[in-house]
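Heads up, the thing below is written out as structure tokens.
The values are calculated or read from the model by the stated rules, or taken from the named source; none is laboratory data. Worth saying up front: this structure is predicted, and the values here are computed from it rather than measured. Cβ placement follows ideal geometry from the backbone for every residue including glycine, while neighbour counts extend to all protein chains displayed.
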């Protein structure tokens, strides 16, 4: 079993089994209402490892893995935490907080890839870091735009009823 198969299973299981009890212990009992976002994030993370990615400029990349399992995953995780914690701020502050989270997790991932490559655990090309960062950011941006659209739609529906 490769290190990446292990990661694709362990990370979602650890997150899905540890975050809800931590939030409940800290008094955020209503997190259960938004837990589906956490489960969606974890499912996307798992699936992303098995989705083929395109060649970009003739270079083999992990673009779809990072777009889905980096950006969209982080966006769904951020939405879960935002709602579970009752954290609602000005849209620009929320956008920057999502960008900070996707950047931090992306940086941790790139450091993990460097460690795996340099220790010989797996053969990895470290030449696609720029595409990885772009894919992570694009996936998170997509989730943020969809959440803004959904919030706007909810306001319209409430106004009409």
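Of everything listed in (1) more than 20 Å from the chain's Cα centre (by Cα); (2) assigned to a helix (DSSP H, G or I); (3) farther than 28 Å from residue 23 by Cβ, the single unmet condition for residue 152 is (3).
Just a yes or no: is a residue in segment 69-86 surrounded by fewer than 16 Cβ atoms within 10 Å (Cβ to Cβ) and touching a residue at least 40 places away in the same chain (Cβ under 8 Å)?
Let us first name the residues in segment 69-86 that are surrounded by fewer than 16 Cβ atoms within 10 Å (Cβ to Cβ), namely 85-86.
Add one more test, that the residue is touching a residue at least 40 places away in the same chain (Cβ under 8 Å), and what stays is 85-86.
Yes: one or more hits.
Residues in segment 109-118 include none that are touching a strand residue (DSSP E or B) at 6+ places or on another chain (Cβ under 7 Å), more than 24 Å from residue 36 (Cα to Cα) and surrounded by 13 or more Cβ atoms within 10 Å (Cβ to Cβ). Would a scan of segment 96-110 turn up a residue that is farther than 21 Å from residue 80 by Cβ and touching a residue at least 12 places away in the same chain (Cβ under 8 Å)? There is at least one residue in segment 96-110 that is farther than 21 Å from residue 80 by Cβ and touching a residue at least 12 places away in the same chain (Cβ under 8 Å). Among the listed residues 140, 135, 122, which satisfies the condition of being assigned to a loop (DSSP other than H, G, I, E, B), touching a helix residue (DSSP H, G or I) at 6+ places or on another chain (Cβ under 6 Å) and either at pLDDT 90 or above or closer than 29 Å to residue 56 by Cα (or both)? Exactly one of 140, 135, 122 is assigned to a loop (DSSP other than H, G, I, E, B), touching a helix residue (DSSP H, G or I) at 6+ places or on another chain (Cβ under 6 Å) and either at pLDDT 90 or above or closer than 29 Å to residue 56 by Cα (or both), namely 122.
Quick check: is even one residue across segment 69-81 touching a helix residue (DSSP H, G or I) at 6+ places or on another chain (Cβ under 7 Å) and farther than 27 Å from residue 21 by Cβ? Before the answer, list the steps.
Step one: filter segment 69-81 for residues touching a helix residue (DSSP H, G or I) at 6+ places or on another chain (Cβ under 7 Å), giving 69-80.
Narrowing the set further to residues that are farther than 27 Å from residue 21 by Cβ leaves none.
No, because not a single residue in segment 69-81 is touching a helix residue (DSSP H, G or I) at 6+ places or on another chain (Cβ under 7 Å) and farther than 27 Å from residue 21 by Cβ.
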